[in-house]
Amino acid sequence: MNFPIFLDYHSTTPVDPRVFEFMSPYFTGKFGNASSTHTFGYEADSVVKYARNTIAGLIGAMPEEIYFTSGATESINMVHSGIAMAYRSKGNKVISSAIEHSASYESLRNLERYGYNIVFLPVYSDGLVDINLLRKEIDSGTILVSIMTANNEVGTIQDIKEIGNICKEHNILFHTDAAQAVGKIRFNVNENNTDLVSFTAHKIYGPKGIGGLFIKNGKRKINLEPVFYGGGQEKGLRPGTLNIPGIAGFGKAAEIIASEMDTETVRIKDLRDQLYCSIKNNVPDVYLNGSETNRLYNNLNVSLEGIRSEVLISSIREIAFSSGAACSSGSTKPSRILTAIGIPEHLAKSSIRFGLGRFTTKEEVDYTIIKLINTVTELRKYSSAYITKD
Ligand SMILES: *Cc1c(COP(=O)(O)O)cnc(C)c1O
């Protein structure tokens with residue numbers, strides 16, 4: 001077994017060696033600019049076509065509906081700003097959820113500064129948005145619904161099909177942040193009635209700094225005001241020289257995950273369930289955060305009463321796991337997501353998140369189980385927060 005053990009696959013994933021191998025020629029020999037009209041350009045352009053095809057295939061889209069960006073954060077910001085600007089005369093209301101990733105949450109908070117009315121729908125304790133409230137909130141001034149598909153902290157998978165249906169019924173544009181969903185669950189842009197979808201390569205064993213945006217090419221034309229201006233790449237929506245090695249890697253990562261998703265899901269879910277059951281059966285006062293069932297197969301988020309997550313993390317240096325979202329770790333405030341699903345502050349501050357993935361082994365999970373049980377038992381002996389409870 002190699003240390004440290006990586007159990008933080010929601011924050012990022014290693015590049016699959018097959019992806020790395022596929023990408024590498026595009027840094028050196030095949031270094032062309034996809035816009036050039038010579039051999040080097042054609043070579044680069046052809047791998048862009050390949051990647052657009054495989055990524056489109058992964059989500060049931062047409063290749064011309066895929067736009068390359070630097071990642072999900074950029075895609076999400078392009079949608080929020082682009083729709084807000086283009087549809088300003090129609091209205092100023094955007095409906096979202098209380099458990100969005102900060103990429104979406106902060107981008108919408110920025111729109112508030114420009115006079116937009118953002119509604120962050122509350123969620124139930126399992127993390128699911130209240131669909132009836134969504135129906136109630138939609139009005140003639142609503143220009144966009146933006147709700148994530150799968151949550152990065154507690155793994156909740158929304159009923160995206162139903163949300164998409166409601167938006168379609170009311171003729172409202174629907175965007176979803178699917179960074180944690182694409183490649184992990186069967187995600188089809190048309191079945192889900194999505195108009196705009198954001199996703200990223202580094203959560204599916206592709207490189208960092210490359211992502212995608214799906215924009216539906218339907219009967220109704222979607223107007224998206226560009227955020228950037230320049231050389232007209234990506235139909236003028238995302239100008240700038242294309243990141244060819246990144247795009248090549250993203251395409252390969254999409255191809256691999258599409259073919260291995262089913263077997264990968266079963267194996268990893270099994271390991272995740274072993275991890276959860278062993279903790280639950282051997283440590284008292286453990287609480288699962290989020291849904292038992294509507295959950296990403298690789299996610300586990302639990303609160304261990306009486307133990308601050310940062311203390312646990314620093315006591316187990318050889319295992320990489322996190323407290324809440326990577327972005328909010330290190331801050332002293334409890335996670336915005338856990339607060340939104342109704343977890344009391346003391347338990348939110350005792351929450352840890354495991355994300356399992358393609359390279360997680362049974363050996364690693366077994367080691368983690370024993371280490372966690374022993375460390376929690378030991379730490380609780382000295383925890384006044386835990387003793388005062390009994
Ligand atoms: C990782 C992640 C993002 C951000 O993606 P980047 O490509 O790192 O910008 C957005 N939303 C969710 C749900 C994520 O998990």
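A few points about this structure:
- Scanning region 46-92 for residues that are of a type in the set (Ser, Thr, Tyr) and either without any contact (Cβ under 8 Å) to a residue 60 or more places away in the chain or in a helix (DSSP H, G or I) (or both) gives SER46, TYR50, THR54, THR73, SER75, SER81, SER89.
- In region 160-176 there is no residue matching the filter, namely being away from the ligand (no atom under 16 Å from the Cβ), in the same structural domain as GLY82 (by TED's automatic domain parsing), in contact (Cβ under 8 Å) with a residue 60 or more places away in the chain and surrounded by fewer than 16 Cβ atoms within 10 Å (Cβ to Cβ).
- Remark: THR176 matches the filter, which requires a residue to be under 19 Å from the mean Cα position of the chain (by Cα) and in a strand (DSSP E or B).
- Looking across region 236-251, the residues that are surrounded by 14 or more Cβ atoms within 10 Å (Cβ to Cβ) and either of a type in the set (Val, Ile, Thr) or touching a Leu at 6+ places or on another chain (Cβ under 7 Å) (or both) come down to LEU237, ILE244, ILE247.
- Lone qualifier among ILE83, ILE66, ILE59 - being crowded, with 16+ Cβ neighbours inside 10 Å, closer than 22 Å to ASN151 by Cα and of a type in the set (Val, Ile, Thr): ILE59
- Pairs meeting the criteria (first residue in region 261-273 and in the same structural domain as ASN301 (by TED's automatic domain parsing), second residue at pLDDT 95 or above and in a helix (DSSP H, G or I), beta carbons under 6 Å, at least 6 apart or on different chains) are LEU271/VAL365.
- Taken together, the residues in region 195-208 that are assigned to a loop (DSSP other than H, G, I, E, B) and either under 11 Å from ALA254 (Cα atoms) or within 8 Å of the ligand (Cβ to nearest atom) (or both) amount to 4.
- Test: residue in region 213-235 that is surrounded by 21 or more Cβ atoms within 10 Å (Cβ to Cβ), at pLDDT 95 or above and either within 16 Å of the ligand (Cβ to nearest atom) or acidic (Asp, Glu) (or both): yes
The values are calculated or read from the model by the stated rules, or taken from the named source; none is laboratory data. Keep in mind the model is a prediction, meaning the values are calculated, not measured. Note: ideal-geometry Cβ built from the backbone for every residue, glycine included; neighbour counts use all protein chains shown.
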